[in-house]
Amino acid sequence: MIRKAVIPAAGLGTRFLPATKAQPKEMLPIIDIPTIQYVVQECVESGIEDILIITGKGKRSIEDHFDRNLELEERLLKEREDEYWYNELRHIDSMANIHFVRQKEQNGLGDAIYYARFHCGSEAFAVLLGDSVNDSVIPITQQMIDTYEQYRHTVIAVQQVDKNRVDRYGIVGGTFLSDRIMQVSEMVEKPAPDKAPSNWAVAGRYILTPEIFQAIEQTPRGKGNEIQLTDALRILLQTESIIAMKIEGRRYDIGNKLDYLKTTVDFALKRKEFANDFAAYLRKKLNEFDKV
């Protein structure tokens with residue numbers, strides 16, 4: 001039922017300066033794979049191959065990454081030992097039908113989603129934030145599609161966070177219908193800890209119905225003088241049900257430097273080609289650190 005996905009990737013990435021002065025934060029590599037490639041792969045593994053990426057000024061490298069590089073391909077073909085990388089590059093440019101549109105101004109996530117209205121039309125669609133990746137047996141987006149097919153309402157992926165960190169996320173509150181499913185009754189964007197309805201945070205993945213576009217049109221500017229998607233969802237909540245789904249798996253937020261470092265370590269330890277050597281190096285460094 002869900003055939004299209006939207007990946008907002010127009011943010012400035014100021015928390016990663018100076019690295020993001022000239023490159024998008026979504027192109028920051030987790031070892032050797034750009035973050036946004038993991039996001040696109042999640043779509044594909046969930047059965048979605050029609051993807052719209054919302055970019056902005058200075059984001060051309062995202063388009064280039066998913067385009068063909070004939071000169072590089074030709075060189076790799078001449079060097080027989082690089083046939084593996086030739087095949088990898090061809091996989092990247094053919095993994096999905098990817099479209100691009102630019103958000104002309106930094107007006108928030110809600111405004112970015114609004115740029116997808118012509119592409120998605122009257123269909124429900126998935127939204128995957130371009131600066132977070134997931135590690136799960138069943139892709140998070142596939143979990144959400146399954147939930148949408150059961151309830152036929154907007155679905156928001158959520159995860160529990162420490163109460164002293166709720167001011168970093170959109171927070172939902174409501175009544176649990178099961179261990180994983182909540183009927184949402186309240187949503188707040190980055191609330192103070194004493195004002196939060198719960199510690200269930202939006203986890204960067206959504207299934208949105210097309211009614212979200214009308215809700216965005218009615219949404220005033222909120223936090224940061226931007227059009228927040230959470231505020232638009234609060235308007236939508238007045239006319240239709242919204243379901244929150246607890247994710248099964250681990251979400252990695254690439255939006256700040258410490259979490260980015262943790263993500264890199266975790267993914268490195270899963271790579272067979274250097275996991276043992278890297279683990280030994282970490283143990284050595286920890287022993288040296290303990291002695292300081």
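The table below gives the values:
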{"read-out": "Residues of segment 57-109 classified as closer than 27 Å to residue 5 by Cβ, of a type in the set (Ser, Thr, Tyr) and over 20 Å from the mean Cα position of the chain (by Cα), total", "value": "1"}
{"read-out": "Members of segment 215-234 found to be in a helix (DSSP H, G or I), acidic (Asp, Glu) and under 14 Å from residue 109 (Cβ atoms), listed by number", "value": "231"}
{"read-out": "Hey, residue 216 of a type outside the set (Ser, Thr, Tyr), modelled with pLDDT of 95 or more and within 20 Å of residue 11 (Cα to Cα) or not", "value": "yes"}
{"read-out": "Test: residue in segment 235-257 that is modelled with pLDDT of 90 or more, assigned to a helix (DSSP H, G or I), within 22 Å of the chain's Cα centre (by Cα) and closer than 28 Å to residue 14 by Cβ", "value": "no"}
{"read-out": "Residues of segment 261-277 that turn out to be within 27 Å of the chain's Cα centre (by Cα), assigned to a helix (DSSP H, G or I) and not small (Gly, Ala, Ser), as a count", "value": "7"}
{"read-out": "Unique match (being surrounded by fewer than 18 Cβ atoms within 10 Å (Cβ to Cβ) and touching a residue at least 40 places away in the same chain (Cβ under 8 Å)) among 183, 143", "value": "183"}
{"read-out": "Residue satisfying condition, being touching a Gly at 6+ places or on another chain (Cβ under 9 Å) and among the small types (Gly, Ala, Ser), within set 279, 232", "value": "232"}
{"read-out": "Single residue of segment 205-224 satisfying the filter (farther than 20 Å from residue 123 by Cα and within 22 Å of the chain's Cα centre (by Cα)) that is surrounded by the fewest Cβ atoms within 10 Å (Cβ to Cβ)", "value": "224"}
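Matching residues to (1) touching a residue at least 40 places away in the same chain (Cβ under 8 Å); (2) under 23 Å from residue 229 (Cβ atoms); (3) under 16 Å from the mean Cα position of the chain (by Cα); (4) not assigned by TED's automatic domain parsing to the domain that holds residue 144:
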position: 14; (1), (2), (3), (4): no, yes, no, no
position: 20; (1), (2), (3), (4): no, yes, no, no
position: 26; (1), (2), (3), (4): yes, yes, yes, no
position: 34; (1), (2), (3), (4): no, no, yes, no
position: 47; (1), (2), (3), (4): yes, no, no, no
position: 53; (1), (2), (3), (4): yes, yes, yes, no
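The values are calculated or read from the model by the stated rules, or taken from the named source; none is laboratory data. Just so you know, these numbers come straight off a predicted model, no measurement behind them. Note: ideal-geometry Cβ built from the backbone for every residue, glycine included; neighbour counts use all protein chains shown.
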